[in-house]
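S.K.: Below is the structure I would like to discuss, written out as structure tokens.
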Amino acid sequence: MRHVGLIAGAAAAALVATGAITYAVAEDSGGARSAVTVPAADSADAGFARDMAVHHQQAVEMSFVVRDRTTDTEVRRLAYDIAQTQANQRGMLLGWLDLWELPKVSAKPPMAWMGMGGMPAGEDGALMPGMATNTEMRELGELDGRQAEVFYLRLMTDHHKGGVPMAEGCVARCAVGVEKRLARGLVASQRSELRLMADMLKERGAAPRS
């Protein structure tokens, strides 16, 4: 398929960049080359790390589910790349919280660091915008073939549409430079994947849900 090379190249670049960012944040967080103040537990830096780690975890789960529900090479490759990239980024986000000696959970509601703490609680397991419900996750695990592909692409499109504003929030509010750079890269990569998934849905005679 014509998208396979694009997906693989983007994933490889993301993983290389991730390694560089992991090394840099260790320096930014008190390494030999620099001494940067550790963010507070209620900071945007900590809030973004916590919330995006949760958001990413569901994307990883969805991607591994669909790999077992279809034999389509293009969808399986996209799912694998999303799972690998977001699992790696999730590890970084949680690792930064460890480096900063900050808790990985907060008593405050999700996205409070963005000034959205007053939004209604998520229903049926959808804790943040874009996240699939528990019912939708079960449905994905029951579909096969083309139906699984279309449902996954729609769910992941929603997921990215919820994740991009969160990353943009970090770009605007986070203080740790390397985390802001990760957030900028996340915005660019997920916007690119949104365009790709729209094309993949169109090829399957479908469209995003919204």
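The values are calculated or read from the model by the stated rules, or taken from the named source; none is laboratory data. Computed from a predicted model, the values in this text were never measured in an experiment. SASA here: full protein model, heavy atoms, side chains in, ligands and nucleic acids out. Shrake-Rupley method; radii C 1.70, N 1.55, O 1.52, S 1.80 Å.
S.K.: What does the accessible area per residue of segment 105-193 come to in Å², with a 1.4 Å probe and no ligands, DNA or RNA counted?
M.R.: Heavy-atom accessible area per residue stands at 46 Å².
S.K.: Same structure, new question: So which aspartates and glutamates pass the test for residue 161, namely a Cα distance under 14 Å, with those fewer than 8 places away in the same chain ruled out?
M.R.: Within reach: 193.
S.K.: Using a cut-off of 13 Å between alpha-carbon atoms, which aspartates and glutamates can reach residue 104, once sequence neighbours fewer than 8 places away in the same chain are excluded?
M.R.: Counting by Cα, and skipping residues close in sequence, residue 104 has these aspartates and glutamates nearby: 42, 45, 51.
S.K.: Take the solvent-accessible surface of the protein heavy atoms, probe 1.4 Å, and return the percent of it on segment 81-210 that carbon and sulfur atoms account for.
M.R.: Reported share for carbon and sulfur atoms: 53 percent.
S.K.: Determine the relative contact order of segment 53-121: mean sequence separation of Cα pairs under 8 Å and six or more apart, normalised by residue count, in whole percent. List each step's numbers first, then the result.
M.R.: Working: 45 pairs, mean separation 20.0, N = 69.
Dividing the mean separation by the residue count of segment 53-121 yields 29 percent.
S.K.: Taking 8 Å as the Cα distance limit and 6 or more residues as the minimum spacing, I'd like the relative contact order of segment 36-182 as a percentage.
M.R.: Averaging sequence separation for qualifying contacts and normalising by length gives 33 percent for segment 36-182.
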